[in-house]
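Report on the following structure.
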Amino acid sequence: MARNVTMYTAQWADVPFDALAQKFSDFGYDGMELSCSGDHFDVRAALAEEDYCQKKRAALESYGLGCWAISNHCVGQCVLDKIDIRHKSVVPDYIWGDGNPDGVTERAISEMKNTARAAAKFGVEVVNGFTGSSVWPYFYSFPPVPPAWIEDGFRLLADRWNPILDVFGECGVKFALEVHPTEIAFDLYTAKRALEALDYRPEFGFNFDPSHLLWQGVDPVEFIRAFPDRIYHVHVKDAIVTLDGKSGILSSHMNFGDRKRGWDFRSPGRGGVNFEEIIRELNDIHYQGPLSVEWEDSGMDREHGARESLSFVRDMDFSPSNIAFDAAFEKERQA
């Protein structure tokens, strides 16, 4: 099908935009999924400066690159989270401000609305990101969690995200939640519950990333089958489960890259994700958007990983057949 292959730039936020664009162009990527961090994509500048989006697009084109989605994960995280000092390290200073939780939440909501406006001005139709979650700390129900608390968490999703999604609708842009631990939707059932809380409004769908499902024991293909009309964007990221009788999937408070963890992220094709079945299912739902590499592998040089990932994605992305294999036996089709 020759879908466009892009690289998500968040894990390269330390590299300036032009240097990164040159690098990915040299590697052979079709484009970049720009993160709203560093100088990769500046939401405030996009709205304040008349020619910011035009210049950014022209710069991409000068390197032979396109852009079909921007991403604002960390600011979105602050919309539903219970804010604490951890958030200071992942959001811009103007979002953090004085750190008062109510103020951080209010500024995050405003920024996500502006992200939709900036995306429309830039000419992309999808913003990927996180929602945060006020109930994630209760994923293990002990002491027993009252069901009403969880209901309140999904009600808060509707209360805070519907006004944001109203702006997305006005702008003709979709928000694609990356289903992920610490988000209001982290597996198939919570994703369905999130859609229900938002009354299945069309502005809200998913950035499909199989790596976050695999280690939880959720079949990524079943996720696509459950939400065929809500797959608005796709991340190509791999993970591997390495349980050895001593480790567990809760990872023992060990950071990524620690070999004692029960699971970790891997460069695409080097983990446990069955990407062939994913491509077959994406073909079945007629997904034609980009395949965006999100590269995270603590055990591999990232430039090696970026090159290898591009080759892997090109090789695994195939078009569906337009003819049944046994149709060639029919007499009228024979030469």
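All of the numbers you see were taken from the coordinates with simple rules; none came from a lab. Quantities reported herein were computed from a predicted structural model and do not represent experimental measurements. No Cβ is skipped: glycine too gets one built from the backbone with ideal geometry, and neighbour counts run over all protein chains shown.
Numbers below:
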| read-out | value |
| --- | --- |
| Among Cys53, Ser110, Phe24 - extreme Cα towards positive end, dipole of the stretch 4-121, charges at beta-carbon | Ser110 |
| Taking the C-alpha atoms of the stretch 116-204, convex hull volume expressed per residue in Å³ | 83 |
| Residues whose placed amide H lies under 5 Å from that of Val236, excluding near-sequence neighbours | Ser292, Val293, Glu294 |
| Additional length obtainable on full extension of the chain from Glu196 to Asp93, 0.36 nm per residue less Cα span | 33.7 nm |
| Cα lying deepest toward the dipole's positive end in the stretch 239-292, options Ser251, Tyr287, Gly272, charges on Cβ | Ser251 |
| Highest average packing first - 48-54, 307-313, 130-136, Cβ atoms within 10 Å | 130-136, 307-313, 48-54 |
| Interchain or long-range residues, amide H under 5 Å from Asn128's placed H | Ile70, Ser71, Asn72, Ala176 |
| Vicinal HN-Hα couplings computed from phi for the stretch 181-195 (Karplus, 6.51 cos²θ - 1.76 cosθ + 1.60; Hz; Gly/Pro x) | x, 5, 9, 4, 10, 10, 8, 5, 5, 6, 5, 4, 5, 5, 4 |
| Two-site label geometry, Ser141 and Ala226: point separation in nm, points 7 Å out along Cα→Cβ | 1.7 |
| Integer Hz, Karplus 6.51/-1.76/1.60 couplings in order for the stretch 30-42, x for Gly and Pro | 7, x, 10, 8, 7, 7, 7, 8, x, 9, 6, 7, 10 |
| Residue-by-residue Karplus 3J(HN,Hα) for the stretch 108-125, coefficients 6.51, -1.76, 1.60, Hz, glycine and proline x | 5, 4, 4, 5, 5, 4, 5, 5, 4, 5, 5, 4, 4, 5, 6, x, 10, 10 |
| Dimensionless Rg/Rh of the chain - Kirkwood Rh, Rg from C-alpha atoms | 0.98 |
| The chain - mean residue ellipticity at 222 nm from DSSP helices (-39,500 (n - 2.57) per run, n ≥ 4, rounded to 500) | -12000 deg cm²/dmol |
| Cα-centred dipole magnitude for the chain, charges only on beta-carbon of K, R (+1) and D, E (-1), debye, nearest 20 | 240 |
| Other-chain or far-sequence residues with amide H under 5 Å of Trp263's (modelled H) | Thr242 |
